[in-house]
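The values are calculated or read from the model by the stated rules, or taken from the named source; none is laboratory data. Note that the structure is a prediction, hence the values are computed from the model and not measured. Methodologically, a virtual Cβ is constructed for each residue, glycine included, from the backbone with ideal geometry; neighbour enumeration extends over all protein chains shown. Please note that ligands, DNA and RNA were not included when accessible areas were found on the heavy atoms of the full protein model with its side chains. Shrake-Rupley method; radii C 1.70, N 1.55, O 1.52, S 1.80 Å.
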Amino acid sequence: MELQVLKTLLVRFLEGDLLKEHEGEELLTGLEQLIEQNELHLLVGTKYRIEDEKVLSEYDLKEVYWEVHMFYGHHEDDHDHDQHDEPSVEGKPDFLHRWGWLHMLLTALVAVLAYMLIRRYAL
C-alpha cells in the first residue's frame, strides 16, 4: 500500500471519520506491513486535527494500531465473554459452576463469624 494513502486513512481514523469496512481493513493491513518491515516510524509526526492540531508520536501510533486492530480486525477466536454458563470443554460444567453455591455459603458463614467476633470482643 502506498504510504500517502495509508497516512490519509490514518488521519481520517484519528479525526473520528468512520471508515468503510474495506478502508479500515486496508489501514490495518498497511499498519501491519509497516510493523513487519520495522518502518512504523514513517508515520510518526503525522498531523491531524481534533479541536486543535496534534502530531502523532510513536507511543500514540502504537495505541492507534491496537484501536484499529480491535475495530477492524477479524477476531475469529472471539467468544462472548459475557456468557459464563457455557459448559467446559468436556461438556460438563466447570468447577465454579458446580460448587459455586458452596463457596458463597462458606464465604457468608465466615463473614457472619467475623462480624460476631468483632461485635463480641470489640476488635
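Worth a mention:
- With a 1.4 Å probe rolled over the protein heavy atoms of all chains, the accessible area of LEU3, LEU40 falls in the order LEU3, LEU40, largest first.
- Loop-located GluC sites (Glu not before Pro) in region 1-67, at most 12 other Cβ atoms within 10 Å (DSSP): GLU2, GLU15, GLU39, GLU51
- Neighbour cut-off at most 15 other Cβ (10 Å), DSSP loop, trypsin sites (Lys or Arg not before Pro), region 1-80: LYS20
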